[in-house]
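Undergrad: Please see the structure below; I have some questions.
The values are calculated or read from the model by the stated rules, or taken from the named source; none is laboratory data. Since we're looking at a predicted model, the values are computed, not measured. No Cβ is skipped: glycine too gets one built from the backbone with ideal geometry, and neighbour counts run over all protein chains shown. Accessible surface areas use protein heavy atoms only, side chains included; no ligands, DNA or RNA. Shrake-Rupley method; radii C 1.70, N 1.55, O 1.52, S 1.80 Å.
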Amino acid sequence: MAEPVFPEINASVEATTPETLKQHIDSGDSVAILDTRARANFDTWHIEAPNVTNVNIPYFDFLDGLTDDLESKLPDGEPTYVVCAKGKSSEFVAGLLTEAGYEATNLEYGMRGWARLYE
């Protein structure tokens, strides 16, 4: 399967390591996560904790840009940790959000990186 091709983003995107995100969650910080995987993948497994707010919006919904409808669905937390399977789709979405003035970061290596914490 070919890697998706994303529109060009003019924002620099910071990456957060899975270890750093886990530290924030474990310390009780309020964490907002935008999961850009397909709904079935999100439903099967996602990052959960009492202090985590999850929103699932597949990355392909962002390919035409950040619409008012999409903005109304975004988590309220700052910063927003954007996750996907491997870190590429979420990097694109985090860049789009950053370009629009949101504080967004990409989860390095996506959910694959998150899974490595538990292997």
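Undergrad: How many residues are at pLDDT 95 or above and not in a strand (DSSP E or B) when one looks only at the stretch 75-85? Full working, then the answer.
TA: Just the residues of the stretch 75-85 that are at pLDDT 95 or above, to begin with: 80-85.
Among the residues that remain, those that are also not in a strand (DSSP E or B) are: 84-85.
Of the residues in the stretch 75-85, 2 are at pLDDT 95 or above and not in a strand (DSSP E or B).
Undergrad: Hey, can you tell me all the residues within the stretch 86-119 that are surrounded by fewer than 18 Cβ atoms within 10 Å (Cβ to Cβ), assigned to a helix (DSSP H, G or I) and in contact (Cβ under 8 Å) with a residue 60 or more places away in the chain?
TA: Answer for the stretch 86-119, where residues must be surrounded by fewer than 18 Cβ atoms within 10 Å (Cβ to Cβ), assigned to a helix (DSSP H, G or I) and in contact (Cβ under 8 Å) with a residue 60 or more places away in the chain: 88, 99, 116.
Undergrad: Is one or more of the residues making up the stretch 64-74 surrounded by 20 or more Cβ atoms within 10 Å (Cβ to Cβ) and in a helix (DSSP H, G or I)? Show your work before the answer.
TA: Taking the stretch 64-74 and keeping what is surrounded by 20 or more Cβ atoms within 10 Å (Cβ to Cβ), we get none.
No: the stretch 64-74 contains no residue that is surrounded by 20 or more Cβ atoms within 10 Å (Cβ to Cβ) and in a helix (DSSP H, G or I).
Undergrad: Residue under question is residue 46, and the condition is that it be at pLDDT 95 or above, out of contact with any Asp or Glu (no Cβ under 7 Å at 6 or more places or on another chain) and surrounded by 15 or more Cβ atoms within 10 Å (Cβ to Cβ); does it hold?
TA: Details: at pLDDT 95 or above: yes; out of contact with any Asp or Glu (no Cβ under 7 Å at 6 or more places or on another chain): no; surrounded by 15 or more Cβ atoms within 10 Å (Cβ to Cβ): yes.
No: the conditions fail for residue 46.
Undergrad: Exactly one condition in (1) in contact with a strand residue (DSSP E or B) (Cβ under 9 Å, 6 or more places away or on another chain); (2) surrounded by fewer than 14 Cβ atoms within 10 Å (Cβ to Cβ) is not met by residue 31; state its number.
TA: Condition (2) is where residue 31 drops out.
Undergrad: Here's a follow-up. Can you say whether residue 95 is more than 15 Å from the chain's Cα centre (by Cα) and not aromatic (Phe, Trp, Tyr), as far as the supplied structure shows? Don't jump to the end; show me each part of the working.
TA: On the way: more than 15 Å from the chain's Cα centre (by Cα): no; not aromatic (Phe, Trp, Tyr): yes.
For residue 95, the condition - more than 15 Å from the chain's Cα centre (by Cα) and not aromatic (Phe, Trp, Tyr) - is not met.
Undergrad: Report, ordered by the first and then the second residue, all pairs with beta carbons closer than 7 Å, sequence separation of six or more or different chains, a first member in the stretch 36-59 that is farther than 15 Å from residue 107 by Cα and touching a residue at least 12 places away in the same chain (Cβ under 8 Å), and a second member that is open to solvent by 80 Å² or more (accessible area, probe 1.4 Å) and outside any helix (DSSP H, G or I).
TA: Final answer for the pair search is 51/30.
Undergrad: Okay, moving on. Please go through the stretch 35-85 and pick out each residue that is within 17 Å of residue 20 (Cα to Cα) and over 12 Å from the mean Cα position of the chain (by Cα).
TA: If the condition is that a residue be within 17 Å of residue 20 (Cα to Cα) and over 12 Å from the mean Cα position of the chain (by Cα), then 48, 49, 51, 52, 77, 78 are the ones that fit.
Undergrad: With respect to residue 60, is the statement that it is in a helix (DSSP H, G or I) and open to solvent by 90 Å² or more (accessible area, probe 1.4 Å) true? Give the steps one after another, and end with the answer.
TA: Values: in a helix (DSSP H, G or I): yes; open to solvent by 90 Å² or more (accessible area, probe 1.4 Å): yes.
Against the criterion (in a helix (DSSP H, G or I) and open to solvent by 90 Å² or more (accessible area, probe 1.4 Å)), residue 60 qualifies.
Undergrad: Which count do you get for residues in the stretch 98-119 that are among the hydroxyl-bearing types (Ser, Thr, Tyr), more than 11 Å from the chain's Cα centre (by Cα) and within 17 Å of residue 31 (Cβ to Cβ)?
TA: The number of residues fulfilling the criteria is 1.
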